[in-house]
Amino acid sequence: MRFVTASSVLCSMLALGQVQAADLGMPRSPVAATVVAEGFSWTALYGGLHAGHGFSNTTISVPGFASFSGVGANGWLIGGKIGADWQVAQRFVIGALIEGDLSRIDTTLGLLGQTAKISADRRWAVRGRAGYLLTPETMVYATAGWSQGHASVSVAGNSLGLTTNGWQVGGGVETRIAGNWFAHAEYVHTFTNALNPIPGLSLRPQVGTARAGVTYRFGLGGSQQAAFAAPRRGNWSGFHIGVQGGYALANTTLSVPGLFSLRGLGAQGLFGGILAGYDHQFAGTSVVLGVEADASLSAAKTSLNTGLFNASLAGDWDVGVRARLGYVLGGSVMPYVSAGYGFTHVKLSSPVFNASDVTHGFQLGGGVETLLTPNLSLRAEYIHSFGTTRDVIAPLRYRVESGRARLGLSWKFGGETAAVVARY
């Protein structure tokens, strides 16, 4: 009996050895590993600062007669916020915040040496937000609330103040960068109530702002929620393809040198398209350098509608090529900046005159990309295009400046130890 048992064990060991030896010559798929990391709770008070760029587009209408969308403006903003978050479940966070901004988002009209300006100079808001944890340290969120802003109108040395009220909606990505410090990138769109400076005239501004910021969370503690796995890549090098889409705002400056200038004609609308590129992560570092191209179809336009005729100015497609530089945090999140060159097709339509042109110029951008799986990633980013000045009909010239806030999904090919996950 003992002989039979020993023989059985010996045969099993020999068979196992033969299988393992055969496996040595065969390629193997990446094996999931477990990286243990200390978790934390998102429940905390926080304060922070942010900065960015904004576009405004004001629709002017005389009900029953005419409407024009719109008068454009753009410029910088800086601000700060305080808030509180509560992690209510393993992956869900809710919170509220109060923020205030100083800005210079303005429209200017120059005629024969005289200048008129409308400038949005400050705004405050109170919003709620709801977030979903893609990883224990990265949250994608939606936000909505109420806002009040102030704008000033200056003409020939005289000024007038206007107060606007309205709703805000937006979204973004927030990620932990070190200790109690977090970074976020977000887009917030403001829908203001109509202004009626004189009877029969309606002004309705919309403002879109893209900003990046840092926050400090007070008293971070350990998480009481159950741990979950976060995807990561040992190497971000490789090709990627994807889809992208979002909302675009633009401001067109018209000018006749020495005589007239208007900044500007506003446009806004949805867009969507494709992207493709290649990234290279330098060995032994978290630095990633890549190149990327994208193409989009767009519904962004300015329109003039009257009882007699309709006209529109639209940017209906665009393409761009940019380099990007990123830094990988924890194998699963990469904030990045980008720069390159882009082309936009502009089309003018009217009953008496139709024309088209391709404007082009430098592009600057930035965003955050995070892994949903080892090969599928989600990004939130903003791209700003600085168009060159071009002739319409001499001596009339135009220049388009635009901003696009977008989300994207990308499939990443390859990737060393692509199946590795981190467990928190």
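The values are calculated or read from the model by the stated rules, or taken from the named source; none is laboratory data. From a predicted model like this one, the values you see are computed outputs, not experimental measurements. Using ideal geometry, Cβ is built from the backbone for each residue, glycine included, and neighbour counts are taken over all protein chains shown.
Figures for the structure shown
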quantity: Set V31, V35, V93: member being of a type in the set (V, I, T), modelled with pLDDT of 95 or more and either farther than 30 Å from Q168 by Cβ or in contact with a Ser or Thr (Cβ under 9 Å, 6 or more places away or on another chain) (or both); calculated: V93
quantity: Identity of the residue in segment 399-421, surrounded by fewer than 22 Cβ atoms within 10 Å (Cβ to Cβ), farther than 24 Å from V173 by Cβ and modelled with pLDDT of 90 or more, that ends up nearest to the chain's Cα centre (by Cα); calculated: E401
quantity: Residue ranges of strands (runs of 3 or more DSSP E) in segment 265-372 with at least 1 members free of Cβ contacts under 8 Å to residues at least 24 places away in the same chain and under 17 Å from T252 (Cβ atoms); calculated: 355-371
quantity: Test for A295: is it closer than 26 Å to V71 by Cα and under 22 Å from the mean Cα position of the chain (by Cα); calculated: no
quantity: Within segment 363-398, considering residues that are charged (D, E, K, R) and within 22 Å of the chain's Cα centre (by Cα), the one surrounded by the fewest Cβ atoms within 10 Å (Cβ to Cβ); calculated: R379
quantity: Hits in segment 153-178 (condition: in contact (Cβ under 8 Å) with a residue 40 or more places away in the chain and in a loop (DSSP other than H, G, I, E, B)); calculated: A156
quantity: Qualifying positions in segment 350-398 - within 18 Å of S298 (Cα to Cα) and at pLDDT below 90; calculated: A355
quantity: Residue check, A194 of a type in the set (A, V, I, L, M), modelled with pLDDT of 85 or more and farther than 30 Å from A44 by Cα; calculated: yes
quantity: Check on L220, among the aliphatic types (A, V, I, L, M), at pLDDT below 95, not assigned by the TED database to the domain that holds G408 and not in a strand (DSSP E or B); calculated: yes
quantity: Candidates T190, T135, filtered to the one that is over 29 Å from G326 (Cβ atoms), assigned by the TED database to the domain that holds Q114, in contact (Cβ under 8 Å) with a residue 60 or more places away in the chain and buried (at least 22 other Cβ atoms within 10 Å of the Cβ); calculated: T190
